Amino acid sequence: MRSDDILRLSAGVGKVGYFGKSLYGHPLAVASLGKRAPGGVLIVGAIHAREHITAKLLSALAAEYTGDYPIDVVPCLNPDGVILATEGPEAFSLKAKDRLTLLRINDGSGDFSLWKGNLRAVDLNTNFDAKWGQGEKNVRKPAPENYIGPAPGSEPETAAAMRLMSEGKYALVVAYHSKGEEVYWGFDDYKGYYDEARSVAAALGYALKRTPNSTGGLKDYWIDKYRLPGLTVEVGEDKYPHPYPEERLPELIIRHRGIFDLYAEIAKKVWTDKSKST
């Protein structure tokens, strides 16, 4: 999946803008749906390289959304990682030593299909400033997965996402991953918006869970900093391998059809309640 393919996932869906660049310089695209107003929804996919099925799922759902409520969709936060996972290091103009470094990190294998990180091997979903480095599976040196990076927010992709969330226009943030058919809510000791999370899990037919030993994720950062509802949605059945089979995409689209409308409904209520209390 080349960078042009990733950008085409957003083309023709809403108004496409850019909120930053990846480590390698690929633009980070966001498709804005509905009418512009505060209190909208932010939905982010392909945070992990091997989970590129989520980029295609979100783009398909965005194309079907006909509501007026503002929803911003970032199909792919990790374009470098997705390209690496689907095409390998040859897809980049890298110095020989940098290519060798990637191969070394990947245990000498040229197959990067299970890679999760960005082009610097940082797992973006452990790099956010939310109890950074305190997760159970955190790794402190470059690895194909779970490497937290040298500092919280060290990666341009992570920093760009944090800037986007800081603009004060969202009431709900949802991160899409694969796989497991689960919805994760809350962070650390914060357990707000349980009913909202439960309604999403029920609509999708997914299990509702918490992640007490996971930190540094996009959802974690949003909840920790803004105390507003954030969710991680793990799409797809666990019986399938990574990367999630492309031929199962139609099933995922059917399962998630209409979920954007529920996100909009939740965000509208949250924002209205928030406005009344301030």
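The values are calculated or read from the model by the stated rules, or taken from the named source; none is laboratory data. Values in this document were obtained by computation on a predicted structure and should not be read as measured data. Backbone-built Cβ (ideal geometry, glycine too); neighbour counts: all protein chains shown. All accessible areas refer to the heavy atoms of the entire protein, side chains included, with ligands and DNA or RNA removed. Shrake-Rupley method; radii C 1.70, N 1.55, O 1.52, S 1.80 Å.
For the range 153-223, the strands (runs of 3 or more DSSP E) that sit wholly inside it and include 2 or more residues that are touching a helix residue (DSSP H, G or I) at 6+ places or on another chain (Cβ under 7 Å), open to solvent by less than 10 Å² (accessible area, probe 1.4 Å) and in contact (Cβ under 8 Å) with a residue 40 or more places away in the chain are 170-178. Among the residues of the range 224-271, the ones that are closer than 16 Å to residue 195 by Cα, assigned to a helix (DSSP H, G or I) and among the β-branched types (Val, Ile, Thr) come to 3 in all.
Filtering the range 87-111 to residues that are among the hydroxyl-bearing types (Ser, Thr, Tyr) and open to solvent by less than 50 Å² (accessible area, probe 1.4 Å) leaves only 109. If you take the residues of the range 265-274 that are open to solvent by 10 Å² or more (accessible area, probe 1.4 Å) and of a type in the set (A, V, I, L, M, F, W, C), which of them is modelled with the highest pLDDT? The residue in question is 266.
Entry remark, the range 75-104: residues being assigned to a loop (DSSP other than H, G, I, E, B) and touching a strand residue (DSSP E or B) at 6+ places or on another chain (Cβ under 8 Å) number 3 in total.
Output the number of residues of the range 112-142 satisfying the condition of being under 30 Å from residue 190 (Cβ atoms), open to solvent by less than 50 Å² (accessible area, probe 1.4 Å) and either more than 19 Å from the chain's Cα centre (by Cα) or not aliphatic (A, V, I, L, M) (or both). Residues meeting the conditions: 12.
Residues in the range 1-31 that are at pLDDT 95 or above and polar (S, T, N, Q): 22 alone. With the structure loaded, tell me whether residue 135 is modelled with pLDDT under 95 and closer than 30 Å to residue 273 by Cα or whether it fails that test. So residue 135 does not fit the description; no. Selection of the range 114-152 for residues being on the phi > 0 side of the Ramachandran plot and touching a residue at least 60 places away in the same chain (Cβ under 8 Å) yields 131, 133.
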